[in-house]
Every structure is written in structure tokens, then in C-alpha cells.
1. So which of LYS289/LYS313; LYS168/LYS313; LYS153/LYS289; LYS254/LYS313; LYS119/LYS149 end up more than 25 Å apart by C-alpha?
2. Would you mind classifying the range 168-326 by shape? Square roots of the alpha carbon gyration tensor eigenvalues, ordered a ≥ b ≥ c; an a/c under 1.5 is rounded, otherwise it is prolate if a/b is larger than b/c and oblate if not.
3. Would you calculate a helix-derived [θ] at 222 nm for the chain, using -39,500 (n - 2.57) for each DSSP H run of n ≥ 4 and dividing by the full residue count, to the nearest 500?
4. Give me the lysines in straight-line cross-link reach of LYS15: C-alpha distance below 20 Å, same-chain residues under 8 apart excluded.
5. Output the 0 to 90 degree angle, nearest 10, between the alpha-carbon long axis of helix 103-120 and the longest principal axis computed from the alpha carbons of the chain.
6. Could you put GLU295, GLU272 in order, starting from the residue whose Cβ has the fewest other Cβ atoms within 10 Å?
7. Could you pull out the pairs from LYS22/LYS274; LYS118/LYS285; LYS71/LYS139 whose alpha carbons sit more than 26 Å apart here?
8. Express in nm, to one decimal, how much length is gained between ASN133 and ALA308 on full extension, taking 0.36 nm for each residue of separation and deducting their alpha carbon distance.
Amino acid sequence: MSNDRVLLGHGSGGKLSHDLIKDLFVRYFHNPFLDEQTDSALLEIHSGQISFTTDSFVVDPIFFPGGDIGKLSVCGTVNDLAVSGAVPGYLSASFIIEEGFPLDNLEKIVISMVSEAKKAGVLIVTGDTKVVNRTKCDKIFINTTGIGKLAEKHKDISSGRGIQAGDKIIINGSIGDHGMAVLGARDELNIKSDLVSDCACLNHLIQGALTVSDNIRFMRDATRGGLATVLAEVVEGRDFGIRIDESALVINEKVRGFCELLGFDPMYVANEGKVLMIVGREDAKEVLKALRKNEFGQDSKIIGEVVADHPGKGWMTTGIGGNRIIDMLAGEQLPRIC
């Protein structure tokens, strides 16, 4: 590729497109399925059920402490599969790129995607590239779709059909890191911060927990809307409630300070490396032990439990002994954090 910028011709389907695909995407995403370069990848999935998800990533800025839009796109899709109880296997990657985008930045993003896919043990097997006129897209957007194998015994985890009073609520570490790291990286704020995103693929962490317990009733990654929104969604319209203990939450002091400075509530700030689990009381300690063996679960804690009273409502016992209702995020708190 002799040019150092993405041109409209890179999306034309002609030689520039061919060279971009061959010299960048195939070069880095290389695997037997992708190398066929057919319109559809032919995959081998030996499973009665599959988990299938898709997500689009438009984060601003595209490079932030702890990650970039490429790492985020792989982690986000891998985690969506993993919290359903599935073993992620294959991803697609589609790029919408603004004319004039630096090719070296595109290469950094692709390398980041390859690195995360390798860590997660997944293959990027197909994709697409479109180039649009300047100002028609803000630098680069990425869509990733994922497929994973789902065991029959895990098929109800996504819906949480098995949740019952007495179940324990677990999260694998601190909250709010990603949203605050992205916000701190925005030039217009002119704020110096060493906050780092928690962006990570959690499939190995989650599989470790699933191997020690058949009583993981529900999992969800606490991304947009934060932990509070996930908890509110879990209880909505259900015959049980949730109570969590504010003092049990892990919040990085720098995140807490940044939130206080800018008027944000860490409960509603996005995470990209946190999974909320609801686990049968009898297995909670074993699951906690398994999570803490993984690098992304060393700060895992039980933060609350499912209760029979106040059905359909989430409550938090505050640090001063009061009670606070946990509602969903209303409106847009942090634009473009994923």
C-alpha cells in the first residue's frame, strides 16, 4: 500500500480494495477460513445450539488508555457471547472508514484486534470494508458479529429464568473504569488523567466459573448504562427483587474522584471488562474462588442477593445505612463510550 491514507478507492471493490484486503486484513487476520476469501465463511460448529450476537463500535476517541476501538470491538462481542454461557468461536469484522483516515492507525487497530482475538481463542473469519466521503463518518466505525457454541445446560443463563430468592450477586471487580478512562482521554476536556479502561475478553474467566458450578443463573456484562441499569433490567417485571450493599462495591479511588468532579454516578458508568453474575447461594463461594484465580477476577466480590420482598425493584443499602432505589439510566450520560 503506497498511500498513507484511506482513499475512496479503497472501498470501490477494485485494485485498491483488493490490495487493502490482501496487504492488511488478510495479512493480520490470517486463518484457514478467512484465507478462502469467499463471500461466506464455511464454519465447523458441532453443537446443538449456537449463540449469535452482533455489535457496532463508534467510541470517541478511538485510542484511549487501556485500549482502542479494535480491542473494544473484539472484547465486546466475545463478552456478549460468553455471558450467554457460550464458548466464543468465530467473529466477523466490518469497517466503515472515513476517507483520509491514516493507514498506520488502521494497521494499529487491526493488530489490536488480532491480539485480543488470539487471547480469547477466537478467529476473525469474514468481514467487509466501506470507505465514505470525508465528514460522512467520524474516522472509523467497526461492526463485529460473533458465533459461539452453547451447551444445553446453559441455555437459560441469558434470560435468568432460574433466578430465585437467596441467590448471590457477584461482580468481578471495580466499576466505572472504562467510561471514565474514555472521558478523560477526550481532548476538549483538557483533563490530565491516568485512568485505564478495564476493556478485556472475559470468556476464559467465565468458563472457569461455569466449570465449578451448574447454578450460575444469570450473567450480563455491565456496559452502557453501567451496573445499575443491568440490575434494574434483571428485576423488571419479575416476582423477586434485588438488594445490594454499597460498601461491597469496588470503586477505584481515581474513578470515584473523577465522578465526583464531573457529577457522574459510578453505578451508571460503562464497563468493558465486568460481568455481573447471579449464582445459587450454595455455589457462590466456589464461583468466587474460581473467578479470583483469573487475572480479570482477582477483585471479585459478592455485592448483594436476590430477595423475595419488593418484587420488580432493586434496592441498595447505602454507606450511611439508608436505602436507595436502583433505576435504569435515564437519557444519555456518556456519549460514544463503545
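1. Pairs exceeding 25 Å: LYS289/LYS313; LYS254/LYS313.
2. oblate
3. For the chain, the value works out to -7500 deg cm²/dmol.
4. Here the lysines satisfying the reach criterion relative to LYS15 are LYS130.
5. The two axes meet at around 50 degrees.
6. GLU295, GLU272
7. The answer is LYS22/LYS274; LYS118/LYS285.
8. Result for the pair: 57.4 nm of gain on full extension.
Readers should treat all values here as calculations from the given coordinates under stated rules, not as data from a laboratory. Quick caveat, the model's predicted, so the values are computed rather than measured. We place every Cβ from the backbone using ideal geometry, glycine too, and count neighbours over all the protein chains shown.
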